[in-house]
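Working notes for the structure below.
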Amino acid sequence: MQERNTVRSILAKTTTYLEQKGVDSPKLSAQLLLAKILGVERLDLFLDPQRPIIEAELNTLRPLVARRGKGEPVAYLLGEREFYGRPFSVSSSVLVPRPETEHLIEEALKRIPAETGCRFIDLGTGSGILAVTAALEYPNATGLAVDICPDALAQARMNAQQYGVDGRISFQEADFVDLKTEYGNFDIVFSNPPYIGEADYQTLSHEVTAFEPRKALIGGINGVELPLRVIDEAEKLLKPGGWLFLEMGMDQGKTISDYLTEQTTFDSIEIVRDLAGLDRVGVARKKN
Ligand code: GLN
């Protein structure tokens, strides 16, 4: 007689399969996919490890596990990823939200009180995580979310609607380093621009290069080109006293801080490290 399938046995089998396929985080992937098809939270799986898994559930799970086995990110398979404690819808037309990006919001909240009625802009909004989170953390703020990719903007708009902040964020399809709009009108510029160099791109995991949009990742031959252009643009967009929060590559701290210093229009320049101790966020204030 065939052994009964349970949460525990399916997790074990799926994990082994994903390990053999050599994907990142095989165990976590198995848990997230099984939780999704059962409609429970991941931690609920451990409260009821003997729960039987029926054939219909297995039939839903199998194709997802097969796709994961080929390296497709779990966030795309689930259609969502958490950012700053809130789930966001994501599709393969936007970058998967990364925890490092949360530092931009944290650094803003350290310097600008949450109740401030400010105006922010998110350059290269992608899934809209920065713009939507900023609107939620700054309930009196209004913002503009910009992306060159219409599919990304549609995704960002959907996330804004999901959180009821679409009335306070406007969306613009444009090249974010050449806006020619609302210059001198923003209190905050957020940007997590593409910042990977061409050569480094070749060394990234297949799970990134085969599935995430290349355009959202490559910042130029060296990678730092687009982050530097964001600084040029921020200089024009910010009001005197306004703040820039810019994500960067781990080896770009010196280039970014030198460039910010050379502009002479900025003060309070800081390069903030991420939890791995790597340079990750450039912070600067446009002088009064
Ligand atoms: N702002 C989005 C994010 O932080 C998109 C970034 C990007 O596509 N480079 O995930």
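Remarks
- Each Lys and Arg contributes +1 and each Asp and Glu -1, all at the Cβ; summed about the Cα centre of the chain, the dipole is approximately 700 debye.
- Subtracting the Cα-Cα distance of Arg62 and Gln161 from their residue separation scaled by 0.36 nm leaves 32.4 nm.
- Working ranking of peptides 40-50, 93-103 by packing, defined as the average number of other Cβ atoms within 10 Å per residue, highest first, is 93-103, 40-50.
- Residue-averaged [θ]222 nm for the chain, counting only DSSP H segments that reach four residues, each worth -39500 (n - 2.57): -12000 deg cm²/dmol
- The number of Lys pairs in the chain with C-alpha atoms less than 18 Å apart, excluding pairs fewer than 8 positions apart on the same chain, is 14.
- For the chain, the calculated P(r) over all alpha carbon pairs, in 10 Å bins from 0 to the bin holding the longest distance, is 6, 27, 31, 20, 11, 4, 1, 0 percent.
- Label-point gap, in nm, between Thr181 and Leu47 - each point 7 angstrom along Cα→Cβ: 4.6
- Computed in the context of the full set of protein chains, the accessible area of the stretch 243-288 at 1.4 Å probe radius has 50% of its extent on carbon or sulfur.
- Over the chain, accessible surface divided per residue gives 47 Å², non-protein components excluded, 1.4 Å probe.
- Distance between modelled label sites at Thr209 and Ala174, nm, 7 Å Cα→Cβ extension: 3.5
- Protein accessible area in the stretch 1-142, 1.4 Å probe - carbon and sulfur %: 52
- Pairwise centroid distance, computed over Cα atoms, of the stretch 87-152 with the stretch 218-288, Å: 17
- Three-way shape call for the stretch 181-273 based on the alpha-carbon gyration tensor, with the a/c threshold at 1.5: prolate
The values are calculated or read from the model by the stated rules, or taken from the named source; none is laboratory data. Because the structure is a prediction, the values reported are computed rather than measured. Here the Cβ is made from the backbone with ideal geometry for all residues, glycine too, and neighbour counts use every protein chain on show. Heavy atoms of the whole protein, side chains included, go into the accessibility calculation; ligands, DNA and RNA do not. Shrake-Rupley method; radii C 1.70, N 1.55, O 1.52, S 1.80 Å.
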